[in-house]
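In what follows, a structure is listed as structure tokens, so that the remarks can point back to it.
The values are calculated or read from the model by the stated rules, or taken from the named source; none is laboratory data. The structure displayed is predicted, hence computed values, not measured ones. Reconstructed Cβ throughout: ideal geometry from the backbone, glycine too, with neighbour counts over all protein chains shown. Protein only, heavy atoms only, side chains kept; ligands, DNA and RNA dropped before computing areas. Shrake-Rupley method; radii C 1.70, N 1.55, O 1.52, S 1.80 Å.
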Amino acid sequence: MLAAAMLAPSGIMQAQEVGSCNCFCVIAGRNTTIDGSVLMAHNEDDSGEMMLNMYVVPRAEQRNKYLWAEFPGTSDCDHFLNEWGVAIASDGCPSREDRDDLTDGGVLYETRLTVAQQARTAREAVKIIGHLVETRGYKASGRTYVIADTHEGWICSVVRGRHWVAKRIADDEVMVLPNNYIIDEVNLADTLNYYGASDIVSYAQQCGWYSPETDGRFSFKKAYCDPKYYTYEHNVIRQLCAQQYLTGKTLEPDPNTFPFAVKPNRKIGIADLIQIMQCHGENSEHKFVYKRERPWNHPVGICTDVTVLSAIFQLRANMPREVGCVMWVCAGRPCTEPYHPWYLGITESPSCWHRYNTAEEAIGRHFSDVENKRINYPDAIYWQSVDRWANYATDWYNRIDSVQQRRDSLQNQLFERHAKFEKILKRFFNPNTQEAKHRDALENLLNAYIAGQYRGKTNVVPDESLPPGHIRVSCD
Ligand SMILES: [Zn+2]
């Protein structure tokens with residue numbers, strides 16, 4: 001069906017021939033960022049009735065505490081940030097493999113969940129995924145897990161069956177991942193930067209996907225990627241736009257020439273990642289102006305008409321993880337919604353953000369309570385962003401400027417209040433040892449801060465007239 005004749009003159013595949021986009025990710029090494037954090041930004045792209053819930057899952061035996069961004073009923077959409085500062089999400093990356101090789105039904109959702117519950121570092125998370133894939137088999141076509149902690153970022157590409165490879169993002173580089181494999185060379189002897197299945201090259205040879213005689217050196221992306229996704233216009237241009245934004249250089253739209261990661265031309269921060277995640281190709285000649293068979297009118301770029309969550313994980317090593325690790329949550333399309341900061345140290349999420357009173361119930365019913373979500377849970381705050389989007393999307397091109405003015409104003413207020421709040425937080429840890437102080441008061445303060453943001457009440461201040469450890473929280 002996807003003959004070479006469908007290639008556009010530029011050599012890249014026209015969008016409508018392939019299918020939808022399924023997420024986008026950027027990971028910035030700690031030496032590329034203004035505050036020395038590892039930054040990981042991820043757009044979650046899905047259609048259908050998607051409902052975002054946010055839970056704090058408490059620590060239990062054999063289980064870390066974690067923040068959980070949940071989409072009920074889905075196997076490959078949830079985001080996690082655990083108490084060790086390990087964040088995980090994923091991008092769908094179709095492979096060439098069409099043969100199943102599974103034990104006990106194989107793994108899919110279990111991979112990210114096990115990472116959230118067990119991993120203490122991003123590197124350990126990669127090993128957990130590799131072990132699950134090798135012992136049980138992966139049951140979907142292909143995927144790349146994106147993982148970061150306060151020290152480093154990794155991507156781990158898995159293939160249907162028992163094949164996988166993972167690569168570390170260098171501290172001075174930024175990686176950009178659309179919906180195709182991007183790991184090129186593989187050197188499993190370099191265990192600082194790579195892990196993978198030991199037969200990753202020989203299996204590709206066996207399948208006829210790689211030949212040393214005709215192809216030269218081995219490239220994972222060329223051998224294992226579904227070829228139509230490798231040249232898919234939407235993937236190529238999204239990767240190009242982000243790399244151009246980071247480097248200031250003009251690139252050719254050819255996936256063979258894109259590096260795995262780039263050195264940015266300045267230090268970057270949260271605001272830069274927002275610019276990338278809300279991009280519709282404005283910084284390239286390839287504006288995504290085509291329309292799909294949908295009732296609305298929105299250019300499909302890195303921000304798409306099906307982006308249901310955009311998250312930026314800010315992972316700082318020079319503070320206690322409770323306050324050093326922040327998940328910035330944009331509940332919908334990043335071109336119209338602001339990002340709110342959620343600290344890892346919270347012990348409860350605001351009630352408007354979850355369906356059940358306990359995280360245990362949510363875990364138990366993740367795959368069973370999936371019908372009629374809007375009818376059954378009408379009070380969830382997420383529907384407000386869904387309705388805002390439905391409203392904007394009726395006339396996006398004419399309304400986007402005024403919508404973005406209001407959004408920018410709100411985002412700037414959130415940044416300003418956040419900067420003030422971070423000064424207050426300094427009272428709650430020792431800067432030399434990074435040890436947290438007055439933990440109970442700190443948890444109350446963080447809970448009130450996040451709840452206040454969604455009530456429009458953000459003057460959360462500790463009462464300085466009280467002695468340390470007895471800090472009263474006001475969020476009225
Ligand atoms: Zn948009």
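In the range 337-351, which residues are within 16 Å of the ligand (Cβ to nearest atom) and open to solvent by 10 Å² or more (accessible area, probe 1.4 Å)? Hits for the range 337-351 are Glu337, Pro338. Do we have Trp389 as under 22 Å from the mean Cα position of the chain (by Cα) and either surrounded by 15 or more Cβ atoms within 10 Å (Cβ to Cβ) or not aliphatic (A, V, I, L, M) (or both) here? Yes, satisfied.
Yes/no per residue for (1) assigned to a strand (DSSP E or B); (2) open to solvent by less than 20 Å² (accessible area, probe 1.4 Å):
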{"residue": "Phe80", "(1), (2)": "yes, yes"}
{"residue": "Arg99", "(1), (2)": "no, no"}
{"residue": "Gly105", "(1), (2)": "no, no"}
{"residue": "Leu113", "(1), (2)": "no, no"}
{"residue": "Lys127", "(1), (2)": "no, no"}
{"residue": "Glu134", "(1), (2)": "no, no"}
{"residue": "Lys139", "(1), (2)": "yes, no"}
{"residue": "Thr150", "(1), (2)": "no, yes"}
{"residue": "Val158", "(1), (2)": "yes, yes"}
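Selection over the range 20-44 of residues that are under 18 Å from Glu422 (Cβ atoms) and open to solvent by 10 Å² or more (accessible area, probe 1.4 Å) gives a count of 3. Can you confirm whether the range 298-318 contains a residue that is touching a Pro at 6+ places or on another chain (Cβ under 7 Å) and within 27 Å of Lys423 (Cβ to Cβ)? Looking for residues that are touching a Pro at 6+ places or on another chain (Cβ under 7 Å) and within 27 Å of Lys423 (Cβ to Cβ), one finds at least one in the range 298-318, hence yes.
In the set (1) within 30 Å of Glu443 (Cα to Cα); (2) among the hydrophobic types (A, V, I, L, M, F, W, C); (3) away from the ligand (no atom under 13 Å from the Cβ), Cys330 fails one condition alone, (3).
For the list (1) at pLDDT 95 or above; (2) open to solvent by 30 Å² or more (accessible area, probe 1.4 Å), I need the number of the one condition that Ser47 fails. All conditions are met except number (1).
Would you confirm whether or not the range 431-444 contains a residue that is part of a loop (DSSP other than H, G, I, E, B) and charged (D, E, K, R)?
Yes: the range 431-444 contains one or more residues that are part of a loop (DSSP other than H, G, I, E, B) and charged (D, E, K, R).
Scan the range 163-171 and tell me whether some residue there is farther than 24 Å from Val38 by Cβ, open to solvent by 10 Å² or more (accessible area, probe 1.4 Å) and not aromatic (Phe, Trp, Tyr). There is at least one residue in the range 163-171 that is farther than 24 Å from Val38 by Cβ, open to solvent by 10 Å² or more (accessible area, probe 1.4 Å) and not aromatic (Phe, Trp, Tyr). Among residues that are at pLDDT 95 or above and either touching a helix residue (DSSP H, G or I) at 6+ places or on another chain (Cβ under 6 Å) or closer than 18 Å to Tyr109 by Cα (or both), Ala204 is included. With respect to the stated conditions, Ile276 is open to solvent by less than 10 Å² (accessible area, probe 1.4 Å), within 16 Å of the ligand (Cβ to nearest atom) and at pLDDT 95 or above.
Scanning the range 232-261 for residues that are open to solvent by 10 Å² or more (accessible area, probe 1.4 Å), under 21 Å from Met277 (Cα atoms) and among the β-branched types (Val, Ile, Thr) yields Thr247, Thr250. If you check Val403, Val386, which single one turns out to be within 16 Å of the ligand (Cβ to nearest atom), assigned to a helix (DSSP H, G or I) and touching a Ser or Thr at 6+ places or on another chain (Cβ under 8 Å)? That would be Val403, the only listed residue that is within 16 Å of the ligand (Cβ to nearest atom), assigned to a helix (DSSP H, G or I) and touching a Ser or Thr at 6+ places or on another chain (Cβ under 8 Å). Just one residue in the set Thr191, Thr121, Thr135 is in contact with a His (Cβ under 9 Å, 6 or more places away or on another chain), free of Cβ contacts under 8 Å to residues at least 60 places away in the same chain and in the same structural domain as Arg99 (by TED's automatic domain parsing); that residue is Thr121. Of all residues in the range 243-262, those being β-branched (Val, Ile, Thr) and part of a loop (DSSP other than H, G, I, E, B) number 2. As a summary of the residue check, Asn22 satisfies the conditions (1) under 18 Å from Met277 (Cα atoms); (2) modelled with pLDDT of 95 or more except for the one numbered (2). For beta carbons closer than 6 Å, sequence separation of 6+ or different chains, a first residue in the range 296-316 that is surrounded by fewer than 22 Cβ atoms within 10 Å (Cβ to Cβ) and a second that is in a loop (DSSP other than H, G, I, E, B) and polar (S, T, N, Q), the qualifying pairs are Val306/Ser47; Arg316/Ser37. Using the structure shown, decide if Glu213 is open to solvent by 40 Å² or more (accessible area, probe 1.4 Å), within 16 Å of the ligand (Cβ to nearest atom) and out of contact with any Phe, Trp or Tyr (no Cβ under 9 Å at 6 or more places or on another chain). It is false that Glu213 is open to solvent by 40 Å² or more (accessible area, probe 1.4 Å), within 16 Å of the ligand (Cβ to nearest atom) and out of contact with any Phe, Trp or Tyr (no Cβ under 9 Å at 6 or more places or on another chain).
The selection criterion, being at pLDDT below 95, surrounded by 17 or more Cβ atoms within 10 Å (Cβ to Cβ) and within 16 Å of the ligand (Cβ to nearest atom), holds for Ser284.
Got a sec? Which of Leu425, Leu414, Leu442 is over 18 Å from Thr347 (Cα atoms) and open to solvent by less than 20 Å² (accessible area, probe 1.4 Å)?
Answer to the check: Leu414.
Is one or more of the residues making up the range 189-209 β-branched (Val, Ile, Thr), surrounded by 15 or more Cβ atoms within 10 Å (Cβ to Cβ) and out of contact with any Lys or Arg (no Cβ under 7 Å at 6 or more places or on another chain)? So far as the range 189-209 goes, yes, one or more of its residues are β-branched (Val, Ile, Thr), surrounded by 15 or more Cβ atoms within 10 Å (Cβ to Cβ) and out of contact with any Lys or Arg (no Cβ under 7 Å at 6 or more places or on another chain). Summed over the range 166-178, the residues that are over 18 Å from Ala119 (Cα atoms) and part of a strand (DSSP E or B) give a count of 5.
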